[in-house]
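Structure first, commentary second.
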Amino acid sequence: MTTKSETAAVADALRANDRFVVTSHENPDGDALGSLLATHLALVELGKDSVMVLVGESPLPGEYRFLDVVGAGLLRVIPEDQADRVLVAVDCAQETRLTDARLLDAPLIVNIDHHHDNTRFGGVNLVADGASSTAEVLADVFAELGLSLTPAIAEALYTGLVTDTGRFQYSNTTPKALHLAAELVEARANPKSVFQAVYESMPFPKLKLLARALERASLHADGRVVISYLVREDFSDVHALEPYSEGIIDILRAVEGVELAALIREPPRDDGPARKVSLRSSTERVDVSAIARKSNGGGHRQAAGFSSDLPLNDVIAFIVAEFTALPAPAA
């Protein structure tokens, strides 16, 4: 959990400085992009000079296009004056997950997150591991700053909140999260438009990619583990972008009797690791972040991931072995 003093320390750092660069982790999800945009817009409302940066050419997930971070000024390269700007990293548990290590060349790093395994890499750290989302943490910061929520800020925060709680169905859906959702709707976030954009705007190639993953799904450990995979050719065959694999893991987790789900995918590009692995658990007993950390990954107890250059069968064997080594559930 976090404290009032930590929230105040972040608010003080934002008040005391004038120039910022806001960033998040690689392969950003709804909480990352929503938090990124909300922080940038809040800083602009406060009269600050702010830029958003996600370095690289990897496409952003299409379901979050409605947030229009590109139209709001997102840069895909390091700004020339990076070394003169305070870095605000949102929803990023480890500095190694930033899109470029040069972003760390800043006079001050403000780290705002909710992952329990955050490495506290900032000069100022606000890590509320009991919060539903980084969006929820930011809402507290904005309140501390006395900032009135514009409709755009409210909708960005609502996007982070609704996606990280699984549409208010995951175990991190607390009373505070639900109260915040109501406040954001009162501030003119539009739940219907967010829902339609995120969950009912699937590109047809994503549907075809999902079909391939479902066809390859296999059960292990007496049906308590489900694993599937995507190879690089799958993306090119169905004309799918890399972010189209997002969300498939949640469908695998829904299989009856499954406690751990894994999706192993070969990114459709030459740079980076050979494989990326998404892990999800459906029970508090299975801490997938602990499994991910053994391969230099991380995340939440019930949603985590890691990268690997091992062959596919070795990755599958590792996941199954780690699961079977867990203590048996209480009788």
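Using each residue's phi in region 209-217, evaluate 6.51 cos²θ - 1.76 cosθ + 1.60 at θ = phi - 60° and report the 3J(HN,Hα) Karplus result to the nearest Hz, with x for Gly and Pro.
Values per residue, Gly and Pro as x: 5, 4, 4, 5, 5, 5, 5, 8, 4 Hz.
Using a/c under 1.5 as the rounded threshold, could you call the chain rounded, prolate or oblate? The axes a ≥ b ≥ c are square roots of the C-alpha gyration tensor eigenvalues, and prolate needs a/b larger than b/c, oblate otherwise.
Here the chain falls in the prolate category.
Only sites in a loop by DSSP and with at most 15 other Cβ atoms within 10 Å count here; which trypsin sites (Lys or Arg not before Pro) in region 232-270 make the cut?
ARG269
Using alpha carbon centroids, what distance separates region 215-247 and region 1-57, in Å?
Centre-to-centre distance over Cα atoms comes out at 33 Å.
Enter the angle in degrees (range 0 to 90, nearest 10) between the Cα long axis of helix 175-186 and the first principal axis of the Cα atoms of the chain, meaning the one along which they spread out most.
Its long axis makes an angle of about 60 degrees.
Going by average Cβ neighbours within 10 Å, how do the peptides 60-71, 75-86 rank, with the highest at the top?
In descending order of packing, they fall as 60-71, 75-86.
Which angle from 0 to 90°, rounded to the nearest 10, does the C-alpha axis of helix 30-45 make with the longest principal axis of the chain?
10 degrees
Determine the percent antiparallel among the DSSP beta bridges restricted to region 204-324, to the nearest 5.
75 percent
Leaving out same-chain residues fewer than 8 places away, which lysines sit with a Cα under 23 Å from that of LYS276?
Filter leaves LYS206, LYS208, LYS294.
Looking at region 177-215, which trypsin sites (Lys or Arg not before Pro) are in a loop (DSSP not H, G, I, E or B) and have at most 10 other Cβ atoms within 10 Å?
For trypsin sites (Lys or Arg not before Pro) across region 177-215 that sit outside H, G, I, E and B with at most 10 neighbouring Cβ atoms in 10 Å, the list is empty.
May I ask you to order 32-42, 193-203, 130-140 by the average number of other C-beta atoms within 10 Å around their residues, highest value first?
So the order, starting with the most tightly packed, is 32-42, 130-140, 193-203.
Quick one: pull the percentage of alpha-carbon pairs in region 193-331 with a separation above 19 Å.
50 percent
Rounded, prolate or oblate for region 176-230? Axes are the square roots of the Cα gyration tensor eigenvalues, ordered a ≥ b ≥ c, and the cut-off for rounded is a/c under 1.5.
oblate
How tilted is helix 312-324 with respect to the longest principal axis of the chain? Cα atoms for both, answer in degrees (0 to 90, nearest 10).
Approximately 80 degrees, to the nearest ten.
No value in this document is a laboratory result; all are computed from the given coordinates. Keep in mind it's a predicted model, so treat the numbers as computed, not measured. With ideal geometry, Cβ positions are generated from the backbone for all residues, glycine too; neighbour counts draw on all protein chains shown.
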